[in-house]
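What follows draws every value from the coordinates through simple rules; no lab data is involved. Small disclaimer: the values here were computed from a predicted structure and weren't measured. Glycine gets a Cβ as well: all are built from the backbone with ideal geometry, and neighbour counts include every protein chain shown.
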Amino acid sequence: MQLLADKPREMSAFAALLEAMRNEGHQAELLGSPERQRDLYPFTPPIPVDAEVAVNGVAGFVDHTVLPAPQEDQRRVATQDAVAERLIGLLTDLAAEAPGGGLIVNLAASSWMGVSRKAGDRLYAQVVDMASKAVARGKPFVDMRRLPRGPFPVPTIGFWPCPDEGRVIISFTDLTSGWSGRLDLDGHWRFNIDEIRPTIGRAIEGKLRKQLAGVRAVATTRPIGLLIDSRPMLSPGKKKPEPVFDLPPFVVSHLIHEIAQDWPGVLSKAWLLSPLSGVTAVYGEGSDLSW
C-alpha cells in the first residue's frame, strides 16, 4: 500500500476498499499502480489509472475520485477559509493529546457570517471548550445546549488517527446546494437527478468520458472500477478538507447508472466510500463488493 503513499487520501481509500472486500470474504490485493509504474505497464498510450487490483484472482484497474461539492458562493468560501485557519491554530496542540493524535471538528461556517469580531471570538472559544472536554473524556463530544442556535448544526468533536502534521480537520456542514426527493406511496425514493449531475456528477462523468474510456480502449477485457470518495479529509498543505459532498449510496448509484448509459462498456464496478455508510457497491453486477 506504500506504493500510493504520495497521495494519503488515495492510499487510505484503497486500504478501506480492500479491507471491506476481505471482510466480505473475498481475496483482494493491490498489484500495482499503472500511473506510478509505467515501466511495468507498457500500454500504448500509457493508462492514467491509480491502481491494479485483484479480487478473487481477477485483476482489473481501479481509479479513485472524490465526489465534489457544488460550487459555493465566494463569501461563504472566504468565511470557511478564515474559520478553518483560526481553529486549526487554536486546536493543534490540543489535538496531540486526543485519542489517535487528531481532531475532526464538524461545524457550520454560517455561524460566523455577519457577526462582530467579539461574537466570532466567543464562537471560537466555545468550540475550543467543546474540544477540550472531548479530549479530557476520551470520547467524541457534542453539547446540545451550546453554540450555535437557530438553523445551523451543532458542532461535534471527533477523533482520528493521523501523522504528526495536519492534526486538525475542519469539516463544514453547510453547503448551499443539494438534491431534493420524496418517498412515494410504493416506498421508493423519487428525486431529480438533473439537480446534481451538472455539479456533483461532473467528476464521475469526466472520469468515464476521458480517463476510463481511454483505459477501456487498451484494456478491452479487464474489469474497470471507480472508487468514489466522499470523506472529509485534509490534504497536505491545505487548511481545510477538499469540498466533497456526501450523498446516500442509492442516490450515487442512480447518478452513476445514468451517466454510465452515455458511455456503455466503460465501467464494470463502482464503490462509494462514505463517512456514514462505509464502502458500498453502487454500480455493477451484484450487491457485493467483488467485480
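Summary table
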read-out: Full-stretch length increase - residue 19, residue 7 - with 0.36 nm per residue and alpha-carbon distance subtracted; value: 2.5 nm
read-out: Distance between segment 88-146 and segment 6-25 - C-alpha centres, whole angstrom; value: 30 Å
read-out: Placed amide H near residue 108: partners under 5 Å, 5+ positions off or other chain; value: 173
read-out: Length released on extending from residue 39 to residue 82, taking residue separation times 0.36 nm less the Cα-Cα span; value: 11.1 nm
read-out: Neighbourhood net charge (9 Å Cβ-Cβ; Lys/Arg +1, Asp/Glu -1) for residue 275; value: 0
read-out: Other-chain or far-sequence residues with amide H under 5 Å of residue 162's (modelled H); value: 102
read-out: Protection-proxy order for peptides 15-26, 47-58, each taking the mean of Cβ atoms within 10 Å per residue, highest first; value: 47-58, 15-26
read-out: Table column - 3J(HN,Hα) (Hz), segment 6-18, Karplus curve with 6.51, -1.76, 1.60, x for Gly and Pro; value: 5, 10, x, 4, 4, 4, 5, 5, 5, 4, 5, 5, 5
read-out: Where only alpha carbons of segment 22-107 are counted, the Rg and the Dmax (Å); value: 20.5, 51
read-out: Residue 279 long-range amide H proximity, modeled H, under 5 Å; value: 274
read-out: Karplus 3J(HN,Hα) series, Hz, for segment 44-53 with 6.51 cos²θ - 1.76 cosθ + 1.60 (x for Gly, Pro); value: 10, x, x, 9, x, 10, 6, 8, 9, 10
